[in-house]
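*Asks:* Can you keep this structure in mind? I'll have questions shortly.
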Amino acid sequence: MSKYPKINYIGNKAKLVDWIIENLPLKRGKVLDIFSGGSSVSYALKENNYEVISNDVLYSNYVISKAIIENSSLKLNNEIIEKDIPTNLIEKKYEKIKFLSNRLYFDDEVKELAKLICISESLDGYEKYMFLALLRRAMIRKLPYSRMNVPWNQIVKLRDEDYSYMKYKRKRAYHNLSFKQHMFDNLNNYNESVFDNGKNNLSYNLDSFEMLKKVKDPLDIIYMDPPYPKTMNKYGEFYGLFDTVFEEEKEYIDFSANDKFMQNMEKLVQKCINKTKYIVISLNNKTSPSAEELKQMLEKYGNVSIKYKDFQYKVTGKENKNTTVEILIIVKLKNENNLK
């Protein structure tokens, strides 16, 4: 049976997807997940037989979507992870990415990474994206706090297994495994996540506004989980060096800017008119703007209903749980043209 794989993505909705799917206004149809992130919602939509369009402007997120949303059958052979690559190609790649040395990884690890990137460049189609999704997981897993903006002195300290055990009662030895070992360890998990739901699911790597320009056929639902201000929202900093390494950086509208969020959100909603029947927006009681503020804006464009769910985030190593109220805003748009 297929199962969403181990991703390591801050803000992942993996534990909330059943509730989200249960509260969608339609039980079938075509859904655009316009800020797909780690693809947990896109994956749940695919599992529930929706036709899925999954989009994210970060290449590090796009490779996940291509591997497990658009891909319906290809599974990766473990021999590819050890594919032979000419030494001169590895050396040239190392010269391009050696800025990662003593920034994210030790120098010998960057040399290993250079070979794996060369392997990815020798691959095509879904084989390439499965490989890149596994490599992304390995690159993130080796980093403390699973993000790429941790200062190097902290990375070195937290990768010291004795220090980690003394401080956190966990050695976190996985930080010191090779990239290749991480890929082997996760290969079955990623292969088993691949399945066909019989629909033409697609993945895109676009800014949200550019994605809506690309939509020509009517959608049933557009699902939005944007990076809200004042939250753990620095996704470009968390994962953007992956995009830099693969020379896939894109410019995009930054929704995390506090003074522009509502303005950008309203513009995005306006672009959805006559493209979809419903907009569904995820947020929680700690995001800014609040659900009530969003509701007041959204009522200009359709009928608004709101769903709530208490959710507890358990903090590692602590007994106390941080209770959050998860929120879904559902907007039935007043489209000028009735969508069929």
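The values are calculated or read from the model by the stated rules, or taken from the named source; none is laboratory data. Since we're looking at a predicted model, the values are computed, not measured. Quick reminder, even Gly has a Cβ in these numbers, built from the backbone with ideal geometry, and neighbours come from all protein chains shown.
*Asks:* Which numbered condition trips up Ser122, out of (1) of a type in the set (Gly, Ala, Ser); (2) crowded, with 16+ Cβ neighbours inside 10 Å; (3) at pLDDT 95 or above?
*Replies:* In the conditions (1) of a type in the set (Gly, Ala, Ser); (2) crowded, with 16+ Cβ neighbours inside 10 Å; (3) at pLDDT 95 or above, Ser122 misses (2) alone.
*Asks:* When region 17-70 is examined, which residues are found to be among the hydrophobic types (A, V, I, L, M, F, W, C) and part of a helix (DSSP H, G or I)? Even if it seems obvious, please write down each step before you answer.
*Replies:* We begin by selecting, within region 17-70, every residue among the hydrophobic types (A, V, I, L, M, F, W, C); these are 17, 19-21, 24, 26, 31-32, 34-35, 41, 44-45, 52-53, 57-58, 63-64, 67-69.
Those that are among the hydrophobic types (A, V, I, L, M, F, W, C) and part of a helix (DSSP H, G or I): Val17, Trp19, Ile20, Ile21, Val41, Ala44, Leu45, Val63, Ile64, Ala67, Ile68, Ile69.
*Asks:* Right, another one. For region 155-173, give me each residue that is surrounded by 13 or more Cβ atoms within 10 Å (Cβ to Cβ), of a type in the set (D, E, K, R) and touching a residue at least 24 places away in the same chain (Cβ under 8 Å).
*Replies:* Within region 155-173, Arg172 is the sole residue that qualifies.
*Asks:* Turning to a different aspect of this structure: Among the listed residues Asn55, Asn71, which satisfies the condition of being within 21 Å of Val269 (Cβ to Cβ), modelled with pLDDT of 95 or more and of a type in the set (S, T, N, Q)?
*Replies:* Numbers: Asn71 fails: within 21 Å of Val269 (Cβ to Cβ).
None of the other options fit; the residue is Asn55.
*Asks:* Please specify each residue of region 18-63 satisfying the condition of being of a type in the set (Lys, Arg) and either touching a Ser or Thr at 6+ places or on another chain (Cβ under 7 Å) or crowded, with 24+ Cβ neighbours inside 10 Å (or both).
*Replies:* If we filter region 18-63 for residues that are of a type in the set (Lys, Arg), which is where we start, we get 27-28, 30, 46.
Of everything in region 18-63, just one residue is of a type in the set (Lys, Arg) and either touching a Ser or Thr at 6+ places or on another chain (Cβ under 7 Å) or crowded, with 24+ Cβ neighbours inside 10 Å (or both), namely Lys46.
*Asks:* Among the residues of region 227-238, is there at least one that is at pLDDT 95 or above and not charged (D, E, K, R)? Step through it out loud before you land on a result.
*Replies:* If we filter region 227-238 for residues that are at pLDDT 95 or above, which is where we start, we get none.
Within region 227-238 (the criterion being at pLDDT 95 or above and not charged (D, E, K, R)), the answer is no, since none of the residues qualifies.
*Asks:* Please verify whether Asp196 is surrounded by fewer than 19 Cβ atoms within 10 Å (Cβ to Cβ), over 24 Å from Lys6 (Cα atoms) and in contact (Cβ under 8 Å) with a residue 12 or more places away in the chain, treating the condition exactly as stated.
*Replies:* Working: surrounded by fewer than 19 Cβ atoms within 10 Å (Cβ to Cβ): yes; over 24 Å from Lys6 (Cα atoms): no; in contact (Cβ under 8 Å) with a residue 12 or more places away in the chain: yes.
Here the answer is no, as Asp196 does not meet what is asked.
*Asks:* Name the residues in region 297-329 that are at pLDDT 75 or above, touching a strand residue (DSSP E or B) at 6+ places or on another chain (Cβ under 9 Å), within 26 Å of Asn258 (Cβ to Cβ) and of a type outside the set (Val, Ile, Thr), would you?
*Replies:* Our first condition is that a residue be at pLDDT 75 or above; within region 297-329, this holds for 297-311, 323-329.
Of the ones still in play, those that are also touching a strand residue (DSSP E or B) at 6+ places or on another chain (Cβ under 9 Å) are 298-299, 301-311, 323-329.
If we keep only those that are within 26 Å of Asn258 (Cβ to Cβ) too, we end up with 298-299, 301-302, 304, 306-309, 311, 323-329.
Within region 297-329, Leu298, Glu299, Tyr301, Gly302, Lys307, Tyr308, Lys309, Phe311, Glu326, Leu328 qualify.
*Asks:* For the subset of region 78-104 comprising residues that are surrounded by 13 or more Cβ atoms within 10 Å (Cβ to Cβ) and outside any helix (DSSP H, G or I), which member is nearest to the chain's Cα centre (by Cα)?
*Replies:* Leu104
*Asks:* From the list Leu143, Leu116, Leu187, pick out the single residue that is among the aliphatic types (A, V, I, L, M), closer than 14 Å to Val63 by Cβ, touching a Leu at 6+ places or on another chain (Cβ under 9 Å) and crowded, with 16+ Cβ neighbours inside 10 Å. Walk me through how you get there before you give the answer.
*Replies:* Working: Leu143 fails: closer than 14 Å to Val63 by Cβ; Leu187 fails: closer than 14 Å to Val63 by Cβ.
It is Leu116.
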